[in-house]
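The values are calculated or read from the model by the stated rules, or taken from the named source; none is laboratory data. Predicted, not measured: the structure shown is a model, and the values here were computed from it. Neighbour counts run over all protein chains shown; Cβ positions are idealised from the backbone, glycine included. Quick note on the areas: whole protein, heavy atoms, side chains included, nothing else; ligands and nucleic acids left out. Shrake-Rupley method; radii C 1.70, N 1.55, O 1.52, S 1.80 Å.
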Amino acid sequence: MSTLMRAPRECGSWFWDLEDVTAPGLESALETAARMSALLQENKLLEPVSLEWSWFEVGKGGLGIHSRLDIVGRSLDDVGIAEQVRACQPARYPSAEMSEITVVGSGIWLDAEGKCHREPGLVEISVSPDLIGPSAELSVFHDVWGSCDFSGRPHPAVHAQNAPRLAAALRSLDMLLGVAAEPGEPTYFGVAEGYGIKAPDIIDGLGPDLTDLL
């Protein structure tokens with residue numbers, strides 16, 4: 001297995017409420033993203049290539065406008081990035097505000113034999129630039145973190161190669177951010193539990209087949 005199926009929703013996510021440990025605002029959010037990205041890059045889970053976000057107006061909702069800023073070779077805490085992000089505001093919507101900013105890139109996963117494969121979007125992090133309630137989130141969308149693949153077949157060797165890497169990164173992020181992660185909401189594709197993906201019920205040697213929505 002060298003090509004992964006990616007779920008349209010996360011199969012696990014973890015949320016950090018940073019209200020008591022960091023300042024609100026865009027610059028602070030980008031600094032948080034820079035620290036998180038550096039840690040994940042050290043663990044070969046996320047090599048950032050771009051920032052992505054959408055725009056909305058308070059009381060009106062999303063505008064259907066999305067922005068992307070390439071950041072290859074740049075540090076996320078570069079003050080120029082914050083200036084460029086603000087410059088992307090739609091000219092016709094002077095009161096538009098940014099949604100959560102997602103750090104997009106690729107990471108390394110390991111197959112059953114321990115061979116490395118690079119995968120786009122292996123791990124994503126997002127940070128809130130809102131002036132109220134700073135936060136961060138990490139999401140995963142592939143089945144290599146769980147005890148079964150998306151078709152329900154147990155893959156213990158793949159799980160053993162990858163799940164501990166994710167767990168170690170999440171524990172390190174807790175220490176980095178100074179607050180413990182909270183598991184995100186369950187989705188059709190998985191449930192975050194502790195520092196990993198909750199094992200599904202096994203019936204007749206198989207877990208649930210989730211490929212109908214892939």
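Identify the residue in region 51-67 that is of a type in the set (Gly, Ala, Ser) and loosely packed, with under 11 Cβ neighbours inside 10 Å and, among all such residues, is farthest from Gln41 (Cα to Cα).
Of everything passing the filter in region 51-67, Gly59 is farthest from Gln41 (Cα to Cα).
Would you check if there is a residue in region 29-40 being modelled with pLDDT under 95 and open to solvent by 50 Å² or more (accessible area, probe 1.4 Å)?
no
For region 83-92, indicate whether the set of residues that are part of a strand (DSSP E or B), of a type in the set (Val, Ile, Thr) and modelled with pLDDT of 95 or more is non-empty.
Checked against the condition, which is being part of a strand (DSSP E or B), of a type in the set (Val, Ile, Thr) and modelled with pLDDT of 95 or more, region 83-92 yields no hits at all.
Among the listed residues Pro156, Pro164, Pro186, identify the single one that is more than 25 Å from Ala112 (Cβ to Cβ), open to solvent by 60 Å² or more (accessible area, probe 1.4 Å) and free of Cβ contacts under 8 Å to residues at least 40 places away in the same chain.
Sole residue among the options that is more than 25 Å from Ala112 (Cβ to Cβ), open to solvent by 60 Å² or more (accessible area, probe 1.4 Å) and free of Cβ contacts under 8 Å to residues at least 40 places away in the same chain: Pro186.
Taking region 23-60, which residues are touching a Pro at 6+ places or on another chain (Cβ under 7 Å) and under 11 Å from Gly105 (Cα atoms)?
Listed by number, the list holds a single entry, Ser37.
Could you pull out every one of the strands (runs of 3 or more DSSP E) wholly within region 110-214 that has 1 or more residues that are of a type in the set (S, T, N, Q)?
Values: elements: 116-120, 123-127, 135-140.
So the answer is 123-127, 135-140.
At least 1 residues that are among the β-branched types (Val, Ile, Thr), more than 25 Å from Val191 (Cα to Cα) and in contact (Cβ under 8 Å) with a residue 24 or more places away in the chain in each: list the strands (runs of 3 or more DSSP E) lying fully within region 1-80 that qualify.
Ranges flagged: 47-57, 61-70.
Take the residues in region 29-79 that are farther than 12 Å from Val103 by Cβ and of a type in the set (Phe, Trp, Tyr), then tell me which one is farthest from the chain's Cα centre (by Cα).
The extreme case among them is Phe56.
Looking at region 68-113 only, could you name the residues that are in contact with an Asp or Glu (Cβ under 6 Å, 6 or more places away or on another chain) and open to solvent by 60 Å² or more (accessible area, probe 1.4 Å)?
Arg68, Asp77, Ser95
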